[in-house]
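Here's the structure we're looking at; comments come further down.
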Protein chains: 2
Amino acid sequence: MSSETLKIPQATAKRLPLYYRFLKNLHSAGKLRVSSAELSEAVKVDSATIRRDFSYFGALGKKGYGYNVDYLLSFFRKTLDQDELTKVALVGVGNLGTALLNYNFLKNNNTKISVAFDIDEAKIGSTMSGVTIYHMDDMEKVLEELGISIAILTVPAPYAQSITDRLAKANVKGILNFTPARLTVPATMRVHHIDLAVELQSLVYFLKHYGVNEVEEIEE
Amino acid sequence: MSSETLKIPQATAKRLPLYYRFLKNLHSAGKLRVSSAELSEAVKVDSATIRRDFSYFGALGKKGYGYNVDYLLSFFRKTLDQDELTKVALVGVGNLGTALLNYNFLKNNNTKISVAFDIDEAKIGSTMSGVTIYHMDDMEKVLEELGISIAILTVPAPYAQSITDRLAKANVKGILNFTPARLTVPATMRVHHIDLAVELQSLVYFLKHYGVNEVEEIEE
DNA sequence: AAAACATTGTTATCCATTTCACATAAAACT
DNA sequence: AGTTTTATGTGAAATGGATAACAATGTTTT
Ligand SMILES: NC(=O)c1ccc[n+]([C@@H]2O[C@H](COP(=O)([O-])OP(=O)(O)OC[C@H]3O[C@@H](n4cnc5c(N)ncnc54)[C@H](O)[C@@H]3O)[C@@H](O)[C@H]2O)c1
Ligand SMILES: NC(=O)c1ccc[n+]([C@@H]2O[C@H](COP(=O)([O-])OP(=O)(O)OC[C@H]3O[C@@H](n4cnc5c(N)ncnc54)[C@H](O)[C@@H]3O)[C@@H](O)[C@H]2O)c1
């Protein structure tokens, strides 16, 4: 029995955190109202798309006026469960894992890396940015104790699948996967891939082959 | 005049580096042929989608047989310009920037961070993983000298836009943006956003609201 | 060499998402 | 109070992408 809310399109769901972030900016800047056109300029999403996205949640705005920033902000805070802290585990405290640990997700989201795991004895038992690093052997136990259901995976690719299998058994439901491995998971889990190498390579490809808006030649 | 190849769908273009990576794995493993079904299992993309993707480049396979790994690999190497090295600049050598510097993109791609920029005097002039860190004041000059047209942006968000404007003037055409800022760029540029916080938050949202395939209750 | 088999390439269909365009209604102005 | 302006919410159309399904065709087996 999941929080039975409505099933909005996935594309919309992915934009919600973005809207939330910019609404916070507007709020800090003291803005009281905002139009879909203004928001569009800020988040670089078509204004019609923004209105459509919002409309899945009912009529949040007023015709001829726009949206009340405070109202919208508190609405999204509830919708995005920003009131309760979501605890996340980090598996693999290497280059990337360390960067993520040092970054304070809390500043913007109510999401926090609460615990980390590694196999490097030099790191185990120590604390980074207030987060204790445990041995992988203790992973299942610690995850259960803390009731954690989301993990960030930043281990070398060859270990990704077997660790994923362990996470699945430990009742973890979501993985943010930074490794190049394509994980096999039970249907009850969800994986978001962040594939930096693919992202970089596809950017190169687009630039080479899509002649990014080459200024239209003016024939003479 | 961009390499006048064909205009394949963007979704396909984003999968090409993925295919390439797994083909290299297959090659290393000594496999000579592969079917779309096998590849599908490995990269977690529907086999019909894979065949469709490949078909944009002509008939690369053989009916009843599948695809020749070597042939496919060399085809994609050419298509993805893996023969020539693409030089990339890194702007902002902090937590995240350092992790990217230490990571050797070359292992898998012919893409390399060749130069880095920062404002921290402690870092400027030093070398990390063989990459020299220059002062931001020298950015335009160095970028031009090296003929770099792609940059990775890992600076604090408030500086992202003004640095982007400088990059645009310096003839950079692509930005891999890790900052939460939504950049305004000329139509001649392309930005890929990697928004870790959004990625994490939307994962949380999906798990909470989409009840990831809750095991169908068996009514008794 | 024939029969059985495997797998592509593609057509047709489906689905999700974006965008247009405008009726509607509230707000701002005169 | 009436008029004009503004900006929402949404039907309808357009776009973009994924998938089912299968004829075509080469491969493998006997
Ligand atoms: N660093 C980057 O910029 C970057 C970029 C793209 C992809 N990635 C991917 O992210 C992952 C991590 O990269 P990195 O640069 O941080 O690597 P890294 O080698 O610096 O860190 C890996 C960490 O995982 C730990 N580890 C190794 N085996 C383990 C195991 N079985 N269980 C638990 N922990 C284990 C190591 O002790 C180390 O601390 C890799 O899969 C890499 O391909 C990294
Ligand atoms: N570290 C993470 O895990 C993480 C996660 C999500 C998003 N981000 C985003 O990535 C960016 C970098 O994060 P970080 O953790 O590496 O921050 P950081 O503070 O560790 O690093 C920022 C670096 O940029 C340099 N810098 C500051 N102003 C500059 C300027 N004007 N020109 C050039 N360089 C400048 C600083 O000297 C520093 O080296 C931020 O925008 C952050 O929001 C980081």
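Considering each residue of segment A:146-156 in turn, none proves to be at pLDDT below 95 and within 11 Å of another protein chain (Cβ to nearest Cβ). Can you work out which of the residues in segment A:79-94 that are within 16 Å of ligand 2 (Cβ to nearest atom) and among the aliphatic types (A, V, I, L, M) is nearest to B:L207 (Cα to Cα)? Per the criteria, the residue is A:V88.
Screening A:T5 on (1) at pLDDT below 95; (2) more than 8 Å from every other protein chain (Cβ to nearest Cβ); (3) on the phi < 0 side of the Ramachandran plot shows it passes everything except condition (2).
On inspection, B:V185 does not qualify as assigned to a loop (DSSP other than H, G, I, E, B), of a type in the set (V, I, T) and touching a residue at least 40 places away in the same chain (Cβ under 8 Å).
Per the listing B:A122, B:A99, the residue uniquely modelled with pLDDT of 95 or more, within 9 Å of ligand 2 (Cβ to nearest atom) and surrounded by fewer than 18 Cβ atoms within 10 Å (Cβ to Cβ) is B:A122.
Counting residues in segment B:104-116 that are over 30 Å from B:K24 (Cα atoms) and open to solvent by 20 Å² or more (accessible area, probe 1.4 Å) gives zero. Which pairs have Cβ atoms under 8 Å, sit 6 or more apart or on different chains, and link a residue in segment A:18-45 that is away from chain B (no Cβ under 13 Å) to one that is within 16 Å of DNA strand C (Cβ to nearest atom) and open to solvent by 60 Å² or more (accessible area, probe 1.4 Å)? Filtered contacts from segment A:18-45: A:H27/A:D70; A:L32/A:N68; A:L32/A:D70; A:R33/A:Y65; A:R33/A:N68; A:S36/A:R51. In segment B:59-89, the residue that is farthest from B:I113 (Cα to Cα) out of those that are surrounded by 20 or more Cβ atoms within 10 Å (Cβ to Cβ) and within 11 Å of another protein chain (Cβ to nearest Cβ) is B:F76. Applying the set (1) open to solvent by 50 Å² or more (accessible area, probe 1.4 Å); (2) more than 10 Å from chain A (Cβ to nearest Cβ) to B:M139 leaves exactly one unmet item: (1). Restricting to segment B:154-177, and then to whatever is more than 19 Å from the chain's Cα centre (by Cα) and of a type in the set (G, A, S), can you tell me which residue is nearest to B:M189 (Cα to Cα)? So, considering only residues that are more than 19 Å from the chain's Cα centre (by Cα) and of a type in the set (G, A, S), the one nearest to B:M189 (Cα to Cα) is B:A168. The single condition among (1) within 21 Å of B:P180 (Cβ to Cβ); (2) at pLDDT 95 or above that A:L80 does not meet is (2).
For segment B:31-52, which positions are more than 10 Å from DNA strand D (Cβ to nearest atom), closer than 16 Å to B:Y71 by Cβ and open to solvent by 50 Å² or more (accessible area, probe 1.4 Å)? Passing the criteria: B:K31, B:E38.
Each residue in segment B:177-191 was checked for being buried (at least 16 other Cβ atoms within 10 Å of the Cβ) and more than 18 Å from B:M136 (Cβ to Cβ), and 6 pass.
Selection of segment B:49-87 for residues being touching a residue at least 12 places away in the same chain (Cβ under 8 Å) and small (G, A, S) yields B:G61, B:G66. I'm trying to understand the selection: among the residues of segment A:180-209, which are farther than 18 Å from B:T111 by Cα and facing chain B (nearest Cβ under 7 Å)? The answer is A:R182, A:A187, A:T188, A:M189, A:R190, A:H192.
The values are calculated or read from the model by the stated rules, or taken from the named source; none is laboratory data. Note that this is a predicted model, so its numbers are computed, not measured. A quick note on method: Cβ atoms are made from the backbone with ideal geometry, for glycine too, and the neighbour counts reach across all protein chains shown. Note: areas computed on protein heavy atoms with side chains; ligands, DNA, RNA excluded. Shrake-Rupley method; radii C 1.70, N 1.55, O 1.52, S 1.80 Å.
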